[in-house]
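Below is one structure, written out as C-alpha cells; the observations come after it.
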Amino acid sequence: MNSTVHTIRGACPHDCPDTCSLVTTVDNGVALRVQGNAGHPHTDGALCTKVSRYTERTYHPERLLHPLVRTGPKGSGQFKRVGWDEALDTVAQRLKDIAARNPQAVVPYSYAGTMGLVQGEGMAARFFHRLGASFLDRTICASAGGEGLIQTLGGKVGMKVEHFAESKLILIWGSNSIGSNLHFWRLAQQAKRNGARLVCIDPRRSETAEKCHEHIALRPGTDAALALALMHQLISHDWLDHDYIAQHTLGWEALRERALQWPPERAAEVCGIPVQQITDLARDYGTTRPAAIRLNYGMQRVRGGGNAVRAVACLPALVGAWRQPAGGLLLSSSAQFPVNRVALHKPELLAGRTPRTINMSTIGNDLLNPGSAAFGPQIEALIVYNSNPVAVAPESGKVVQGFLREDLFTVVLEHFQTDTADHADVILPATTQLEHWDIHTSYGHTDVLLNRPAITPVGEARTNTDIFRALAARMGFDDPCFADDDETLCRTAFGGTVDFQTLLDQGFATLPIPEAPFANGGFPTPSGRCEFFSARLAAQGMDGLPDHLPNHELAGTSSAYPLAMISPPARNFLNSSFVNVQSLRDIEGEPLLEINADDALSRGIETGQMVRVFNDRGEYHCKVKVSPRARPGVVNGLGIWWRKLGPMGTNVNEVTSQQLTDMGRGPVFYDCLVEVASVR
C-alpha cells in the first residue's frame, strides 16, 4: 500500500437518526472514498447510497470555491467572484449599519444542513447573541413531535435502538425506515428473522410498508384516532399492566374515559381503514411481549401532530412494555445527550437583552411583514447557513417574494448555488464534513461521534465557525470566546461528561444508559411518571389529555381541492441535500407525484403525463405515476427537489401552507389539500 494512503474517522453530518461513523480514505491530500466504520456497532460498516457518494459532493464540479457578490437582479443567480476580505467587509458593514438601528432586524436562518454541534450553532450562536439578533425558532422538522414527547415522557427519550432486534412485535409508525433509517431497518429485519411481526402505519405504501407483514394505510393526520382506538381495545379486553399504570403513570382515569369514546368503528371511519385492522392490531399489541414502536416525524407534520405523538407515546405504559429492554418506544434519543449548550452558545453575550423570536416555518409571511409593535422591526438582513429555505420552507411563493425584496440584505453560507443562494447578495463558500472538525449527538442511537477533518478545505472554502469568527472580529467583538478554535469547541460541547480521548481514539463514545431505562418508571417529567395528563399543557390553556385534532385542511371539506397531499422525501435525497449529485438525481429521474388508480381514472390521468398540482396558494408541475403506493384520496408529492431543477422552476412547497401544529409551533407539510390535472 502506498505510504501516503491513510484513513480518518468522521461522522455523517446529515439529518438522519442513524448518525453513522465514517472512514475516509485519503491519498496525497485527496479523499478517495467514504465508507461506514465497521468498528462502530450502529454503523456496522454500512452507509446509505447518498453518503457512500459523499466525495461526489465534496469534489462536485459546481462546488462553490470562492466568495461571490451579486451582480444581476435578485434570484437571477448572477454573481462575480471577490476576495474574502471584500466579502467579509461588505457583510460586516451592512450588519453594523442595521444593528445601529435595531439588531433584531438581523435574523439567522439555519437548520440541519449539518447536525454538528460546532459547525451548526457553535460559533454562530455566540456571534448572534453578541450582536443581539432575533432568535430563530428552529421548528421546521420535529418540534411538534418533540413537544409531544416532552409533555408525555419528559423529553426526547426512549428505548435503546439496538434492542429492537429482540422485539416480537414492531410498529413502524410514520416512517419509511428503508429510506430514512437504514440501520434501524437492519435491526427490524433481524427481529423478523427471529419471528417478530412487523406492522407499518403510513398513508403511503412505502418501500418499508411493502416489506412488513401488514400495512395500515390510514389517512394523513388521523394517527391519534388510531392510537385512542387501540387504547379502547386494550381497556375493553383488559390487556393492561395495572401495576405499571398505578406506579408509573399520571392521569389514568381521565385517559381511560377519553379512550372509551373511541371504539374501533369510530376510528375506522376517521382513519379510512377497516375496523378489523384496528382490532387485530390492538390484540397483537395487547398480547405480544416485548412490543416496540418506532415512531418517526412524518406523522407529526399535521395540525394535531403533537397530540398524535402524545397518544402513541402513552401506549407502552398501558401495557407495561417499558419493563423490557426490547419494549417501549423510540422517536428521538436526543435528550439523552448531556450537551453543555450554555458553554457552547454563551447566552451571557446577550447581556440582558431579550430579542424577539422568528419562526423559521413562517419565514414567507415574516419576510413580507413591514414591521409593527407586535412583530418588531421589519427583517432587514438574513444570514442563511445549513439550510435552503427557498426550497424547503412552506408556501414557497411567499418565501420567494420575501427573498426578492430589494431592501433585504441576504448572506448565504453554502456548498452549492442552491435556490436560496440564487437570491443572496453575498455567497460565502463553506466546508463540507470532510474538511472540518465537529462533534455529533444522534436522535436514533446513544453514541457521541467525533468528526476529524480528512482533507484541507477545497478552493477557498472556510468553516462556518471561521466565517463567524472573522465577522466577529470585523464587528469589533473582542470577547475571548471568539478565539476558541474548533477542537476547543468540540471539547467544550460535553465538557468532562464524555471522554474526549475515547473520541480521538475510536471516533465514538457510548453513553452509559440503562438497558430498559423506564422499567421502574423514573421518567424525566415533573412527576417522574409517564404523564397521560400534562398539567403543563393544561396551564397553557390546552387539553391536558391527548386527543384527535382533525387537519386544518380536512379531506372532504373542499370540492375544489378534494385530494390530501403528503410530501415525503424522495429516497435518494435528504430534504434538499444531494439533489444536485448527478448519480443520485439520475436514480430519482424527475419530480414525481404518485396517485391512486381510482383518482387518476376520474381525472383522465395516465403514468408519464405532466400534471399540475394546485390549490389557492400556488401550483407546481411534475410527472405523475399511477401507483399502488398512493391510497385513494391521497397523493404523494415526493420531495424536496430544488425549484430550479423542476419543470416551471417550482417545487412541492408551492402548495404547502404556513399554518402551524397544535404544539411546538411546527409546520404542517402533510396537512394540505390540492387538485391534480393533466397539463395538455
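Any read-out appearing in this document is the output of simple, stated calculations on the displayed coordinates, not a laboratory observation. As the structure is a computational prediction, the values presented were derived from the model and not from experiment. Cβ: placed from backbone, ideal geometry, glycine included. Neighbour counts: every protein chain shown.
Cα centroids of region 529-565 and region 231-287: how far apart, whole angstrom?
After rounding, the separation between the Cα centres reads 18 Å.
Nearest 500 deg cm²/dmol is fine: what mean residue ellipticity at 222 nm does the chain get from its DSSP H runs of n ≥ 4 alone, each adding -39,500 (n - 2.57), divided by its residue count? Show your work: numbers first, answer last.
Numbers: 24 runs with 195 residues, N = 680.
It lands at -7500 deg cm²/dmol.
Can you tell which of T25, A381, Q609 lies farthest toward the positive end of the dipole of the chain, using +1 and -1 charges on the Cβ of basic and acidic side chains (Lys, Arg; Asp, Glu)?
Toward the positive end, the furthest listed residue is Q609.
Under a Cβ-only charge scheme (Lys and Arg +1, Asp and Glu -1), can you give me the dipole magnitude of region 592-659 about the Cα centre, in debye to the nearest 20?
Numbers: 9 positive and 7 negative charges, 44 e Å.
Roughly 200 debye for region 592-659.
State the cysteines of the chain left without a partner when partners are defined as other cysteines whose beta carbon lies under 4.7 Å away.
C16, C48, C141, C271, C314, C481, C490, C530, C622, C672
Of the options A677, M663, N451, report the single residue whose Cα projects farthest towards the positive end of the charge dipole of the chain (beta-carbon charges: Lys, Arg +1; Asp, Glu -1).
The Cα lying farthest towards the positive end belongs to A677.
Mind pulling the angle between the C-alpha long axis of helix 275-287 and the longest principal axis of the chain? Nearest 10 degrees, somewhere in 0 to 90.
90 degrees
Suppose every Lys and Arg Cβ carries +1 and every Asp and Glu Cβ carries -1, with no other charges. What dipole size does the chain come out with about its Cα centre, to the nearest 20 debye?
Values: 63 positive and 70 negative charges, 77 e Å.
The dipole of the chain has a size of about 380 debye.
Going by alpha carbons, how many degrees (0 to 90, nearest 10) lie between the helix axis of 464-474 and the longest principal axis of the chain?
50 degrees
Using +1 at the C-beta of Lys and Arg and -1 at the C-beta of Asp and Glu, which of L218, L537, G113 has the Cα lying farthest in the positive direction of the dipole of the chain?
It is L218.
Between beta-carbons, use under 15 Å as the cut-off and find the net charge around L255, counting Lys and Arg +1, Asp and Glu -1. It would help to have the intermediate numbers written out before the result.
Numbers: positive: R256, R258, R310, R529; negative: D241, E253, E257, E531, D543, D547.
Once all neighbours under 15 Å are counted, the net charge is -2.
For the peptides 135-147, 114-126, what is the packing order when you average, over each peptide's residues, the other Cβ atoms within 10 Å and list the highest mean first? Walk me through the intermediate numbers first.
Details: 135-147: 22.8, 114-126: 25.5.
Descending packing order for the listed peptides: 114-126, 135-147.
About the Cα centre, and with charges only on the beta carbon of Lys, Arg (+1) and Asp, Glu (-1), how big is the dipole of region 353-407? Nearest 20 debye, please.
Details: 4 positive and 5 negative charges, 37 e Å.
So the magnitude is around 180 debye.
Using only Cα atoms, find the angle between the long axis of helix 182-193 and the longest principal axis of the chain, and express it within 0 to 90 degrees, rounded to the nearest 10.
The angle comes out near 20 degrees.
Would you please put 162-173, 189-200 in order of how densely packed they are, using the mean number of other Cβ atoms within 10 angstrom per residue and starting with the highest?
Peptide ranking by packing, descending: 162-173, 189-200.
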